[in-house]
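Each remark here refers to the structure printed beneath this line.
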Amino acid sequence: MTRWERCEQQSGHDIWVVRNAWMEIKVVPALGSKMISLKHLRTGREWLSEAAGPLGNKGYATSFADSDGSGWDEMFPTINACTYPDHPWQGTEMPDHGEVWSIPWQVEIADERLSCHVHGVRLPYRLSKTYSFTEEQRLRIDYTVYNPSPFPLSFLWAAHPLFAVHEGMEIIVPSELNEIVVSYSQHERLGQTGDVRSWPIPFEDHPEICLHQVEAMTAGTAEKYYFRGELPEGRAGLHDPSTGESLMMYFPVEQVPYFAVWANYGGYQGGYHVALEPATGFLDDLSYAMKQGMAATVEAGGRYHWFLEVELT
């Protein structure tokens, strides 16, 4: 099958599926267009963390912590809850992890592509994405934000794919990157929000903390950090030395200049996964990013385009 088909239901929601000789993708448009499966058919490996219970969330403006804790969500137009700082939406409250992960998206099928779109609730925008294959082993997702208002609109988008991992896997980033900025660190193992640390070994006197290697679930840690500054190239991934398999992500640094990692090794709600998060803004708070001049902006009546490609080898 190379055409998207609505072929099953889970937890009462339609699932759209496409597969070729290399990979299989499953998307649930009613749940924020969540991708719930990214499977390498040649090896049988499921790259996305699966829900321990029923799929779903508690609805618009609820806590992301109360969702199913699985798959790949889109974070937009913020990650942390905050208020929009500028006219004419000054003071407008933005929900936890943004608006679009918790509401249904509309679906269109054309030319073996799945397109989903959603409209903003508290801010005026239309966010759309289209899935296609550039090669059998490479999935492409094209994104567009349209701003119908007569005012510039700033936003923060980040991919939030919870990848299934095991101890000893490696996080791959461009070799030029050598510093991170802490966004969240459980029990402040890496420090407080805004602290700058070295990559991949943040403390010279604790070489056992090596961030580019996936730790065991028993580590009981959970951390989110951004690489400091804009990226030299849009490339990041995971490698499993035990099997030789890799997942690589590619994206345009002109539109997506930042990159973050969420590494949960049993410390947050007992989860065990790593999220690789290309982002259009720096740190998780849209208000903060705007004040630092590190948020993306779509002009009045304009569109902002970017893409993300995922390759399985």
Set of lysines near Lys34 by C-alpha distance (under 17 Å), chain-local residues within fewer than 8 positions excluded: Lys26, Lys58, Lys129
Selection from Leu276, Met169, Trp199 lying farthest towards where the dipole of region 165-279 points positive, charges on Cβ: Leu276
Rounded if a/c under 1.5, otherwise prolate or oblate - region 165-279, Cα gyration tensor axes: oblate
Fluctuation leader among Asp66, Asp285, Asp240 - the chain, Gaussian network, Cα springs under 10 angstrom: Asp66
Potential extension, Glu136-Asp86 segment - 0.36 nm per residue separation minus Cα distance: 13.6 nm
Distance (nanometres) between label positions extended 7 Å along Cα→Cβ at Ala65 and Asp205: 3.2
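Neighbour counts of other C-beta atoms within 10 Å: give me Trp105, Trp89 arranged from fewest to most.
The order, fewest Cβ neighbours first, is Trp89, Trp105.
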Neighbour net charge for Tyr184 - beta-carbon separation under 12 angstrom, K R +1, D E -1: -3
Spatially proximal aspartates and glutamates relative to Lys224 (Cα-Cα < 17 Å; intrachain offsets below 8 disregarded): Asp73, Glu74, Asp96, Glu170, Glu179, Glu188, Asp195, Glu215, Glu277, Asp284, Asp285
Hull volume in cubic angstrom per residue (convex hull over the Cα atoms of the chain): 126
Rg over Rh [alpha-carbon atoms, Kirkwood Rh] for region 217-271: 1.06
For the chain, with +1 on Lys and Arg beta carbons and -1 on Asp and Glu, the positive-most of Phe155, Trp105, Ala52 along the dipole: Trp105
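Computed from the coordinates by the stated procedures, all read-outs in this text should not be read as laboratory data. All values derive from a computational prediction rather than experimental measurement. Because the Cβ atoms are built from the backbone with ideal geometry, glycine has one as well, and the counts that use them run over all protein chains shown.
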